């Protein structure tokens, strides 16, 4: 299996093009029919004017001609393209900059205190993920909730691998595509922040070769992740369970993600209670 390293110049060019093409000129108060628009979104000269740079500079950026824009130019481009915070961080990562208020460091594992916290969250299903979505720690409830999890080899205990390639998980999420989109958005942002991470590049390359739908979702270049929301789960034993999820970032380990599920209604609470052994666990 070949790894897929980050060509940041090429990806920066593609990302800028994709975000320019998705913008509605009317949303920015620009005339939509001043002359016929042959391509969707804004023109390069419009982005250049909004960002306060030359049109030639935008053209060279979008052609991947090796420019390394300053933090000031990146801030202006992010504003002109109406990037959200996740997209803005992605842009800075691709250009080799980080915002002054952002600290990035590779997590090497779960601190014992975090592993204990995951266990202490029982009976709520919880697990701790790193930037690759490798599952570093989990409690018994999460292990019971994820179909076939305990039989998965340790090298395959990755949340995205399970969702995308594990046969027992294929029908687990009612809206599987939404879960994949969120996961791939996170992996794309991590890919830009850690271009030398060969394990992450290898994981992405494996997804590209093993799943036909991966390329379609990956090409959307989404980098914004939902840290809170609701999922409908279809458990092979317990039936349909609706959970509210929360993703928390430990202050001292910001590359890690603590994922916690809570039952969204009384029926789901009862299903989880039965699945987790009834009176063997306290109510969540």
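Laboratory data are not the source of any read-out in this text; all were calculated from the coordinates shown. These numbers were taken from a predicted model, which means no experiment stands behind them. Note: ideal-geometry Cβ built from the backbone for every residue, glycine included; neighbour counts use all protein chains shown.
One table, with the values for the structure above:
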| read-out | value |
| --- | --- |
| Choice from 154, 201, 113 with maximal GNM fluctuation in the chain (Cα, 10 Å cutoff) | 113 |
| Folded to 0 to 90 degrees: helix 176-193 orientation relative to the chain principal axis, Cα | 60 degrees |
| Nearest-0.05 FRET efficiency for residue 143 and residue 267, computed from C-beta distance (R0 22 Å) | 0.45 |
| Helix-derived mean residue ellipticity, 222 nm - over the chain, DSSP H n ≥ 4, -39500 (n - 2.57), to 500 | -12000 deg cm²/dmol |
| Difference of contour (0.36 nm per residue) and Cα-Cα distance, residue 68 to residue 56 | 2.9 nm |
| Candidates 242, 209, 75: whichever shows maximal mean-square fluctuation once the chain is modelled as a Gaussian network with Cα springs under 10 Å | 209 |
| Estimated FRET transfer efficiency when R0 is 22 angstrom, pair residue 82-residue 251 (beta carbons, to 0.05) | 0.15 |
| Separation of alpha-carbon centers, region 151-223 and region 47-79, rounded to whole Å | 31 Å |
| Full-stretch length increase - residue 14, residue 170 - with 0.36 nm per residue and alpha-carbon distance subtracted | 53.1 nm |
| Highest-MSF residue in the chain out of 216, 116, 181 [GNM, Cα springs under 10 Å] | 216 |
| Rounded FRET efficiency, nearest 0.05, which uses the C-beta distance separating residue 26 from residue 122 and R0 of 51 Å | 0.50 |
| C-alpha long axis of helix 85-94 to longest principal axis of the chain, angle in ° | 70 degrees |
| Normalised contact order of region 112-280, rounded percent, pairs of Cα under 8 Å and 6 or more residues apart | 23 percent |
| Region 8-94, relative contact order in percent, only Cα pairs under 8 angstrom and at least six apart counted | 36 percent |
| Relative contact order (%) - criterion: Cα under 8 Å, at least six apart; region: the chain | 19 percent |
| In degrees, nearest ten, helix 71-80 long axis to first principal axis of the chain (Cα) | 90 degrees |
